[in-house]
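Each remark here refers to the structure printed beneath this line.
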Amino acid sequence: MVRKLIETLLEQGLKFGLDVAGGFLGPAWPVIKPLVEKLFKGLPESISSRYKSSEEAVREAMDAMKERKEDVAKIGEALESAGITPKWTNDVLKGLDRISDDLFLLLAREAQAAATLDNIYKKVMDTSEKKPGKLVINSERLEYVHFLRVDQEFLRGYDLTAGSVMDYTVSQRHAPAGFCLRTFMVFNQGRETAAISRMELKVLNEYDIPEGASFGTLKPVLDPFEELVELTAGGEQYPIFPGKYFSYKADDVDTFRINTVFKGDYGKIQQLQPVIYWADCRGEHISCGTPVFLASHPAPELHLAKQKFGFGV
C-alpha cells in the first residue's frame, strides 16, 4: 500500500508538482515529504533526472523501488506514526481514482488545512461518490523536427521530451524547438456521459534559453495532425479545437493531435500543458495532461513539416 501511495504522488506530481500532489495527506505531508524526496534522490540518474514530468520515468521509478525496501519501509513507519493506516490509504486512493483533476486540486488544498485525517477521509469519500464522470488524458505522444541541445543540469528533474518517440536518436539532453506534434487520447473512466465544452494549451512556465544551447534537426516520418496552435512569447493560453464539442459515453475513446509552432527569435522555452474543460450531470470539471517543453526557433522548417505531417503542399 505504501508503494501505491508513492505511485499516486508521482503520477499527480507530473501534472501539479509534488507539493500540490502531496496535499491530500494533509498534516502528514510535511513529515512524509523529506523521506519521499530522499527515496527519489537515491534512484538511478536516468530516473531521478526526469521523474517530475515523465510517465515512463514514474514506471521505472516504481520498478527501481522494489530494491529499496528499507527506504520504503521507513516511509511506511512514518505514515503509521502520522496516523495513516492501511485502510485509510486504501480507501482514499480508491476515492482519488474516481475524481477529476479539478476536484483533486480542491481536495488537496482543503486537506492541507484539515485538522485531522478523518476530515480528509470524509471529504474524499463524499466527493468521489457524488461525481460519476471522469475524463482523463493519456497515451500522450510527442513528435518534432528541430530540437535544442542543452546542458545536462538545465531544468533537472524534468523530462524535456516526455512522451517522445524519437529522443533515443539524440544522445544529448534536448527540448523540441520551433515545431512539435502532440497526440493524446481522452477517455471517460466515469459511469455517466461527460461532454467537453472547450480545450486549451496552458503555459505553466517560460524560461530563457540557456547560454551554450544549440539547435539540431531530425527528419521523422509522422502521421497527419488534427489541430494547429501557434505560440508567442508571453502567451498564457491557446485555444485548441475552438467551437468543437465532444461527448463520451462510458468507455468511449478519442485521439487528438496538436501541431504546435513556436516560431520567432524569442529566446524562450515554454512549458505547455493540455487542459480539457468538461461537464457531467453533476457539474463542470477539468482534466490535465502531462506538461511538455517547446523552445522558440527563428526559422523552423515548416515546409518539411507540411510534407512529413500531411499538412498538404
Can you give the longest run of the chain that contains no GluC sites (Glu not before Pro) sitting in a DSSP loop with at most 13 other Cβ atoms inside 10 Å? 1-152
What do you get for the angle between helix 117-130 and the principal long axis of the chain? Use alpha-carbon atoms, 0 to 90 degrees, nearest ten. 60
If the only charges are +1 at each Lys and Arg Cβ and -1 at each Asp and Glu Cβ, what is the size of the charge dipole of the chain around the Cα centre, to the nearest 20 debye? 300
For the range 1-142, just the Cα set please: Rg and Dmax, both in angstrom. 14.8, 42
First compute the accessible area of the range 1-49 with a 1.4 Å probe, then give the percent of it belonging to carbon and sulfur atoms. 59
Over the range 167-293, how many percent of alpha carbon pairs lie in each 10 Å bin up to the one with the longest distance? 11, 39, 31, 15, 5, 0
Per the charge dipole of the chain (beta-carbon charges, Lys/Arg positive, Asp/Glu negative, Cα centre), the residue among Ile286, Ala78, Gly17 reaching farthest to the positive end is Ala78
Any of Lys244/Lys268; Lys66/Lys87; Lys33/Lys74; Lys15/Lys134 with alpha carbons more than 19 Å apart? Name them for me. Lys244/Lys268; Lys66/Lys87
Enumerate the whole-percent occupancy of each 20 Å bin, from 0 to the last occupied one, for all C-alpha pair distances of the chain. 31, 56, 13, 0
Relative contact order, percent, the chain [alpha-carbon distance under 8 Å, six or more residues apart]: 20
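The values are calculated or read from the model by the stated rules, or taken from the named source; none is laboratory data. Nothing here was measured: the structure is a model prediction, and the numbers come from that model. Every residue, glycine among them, receives a Cβ derived from its backbone with ideal geometry; neighbour counts consider all protein chains shown. SASA here: full protein model, heavy atoms, side chains in, ligands and nucleic acids out. Shrake-Rupley method; radii C 1.70, N 1.55, O 1.52, S 1.80 Å.
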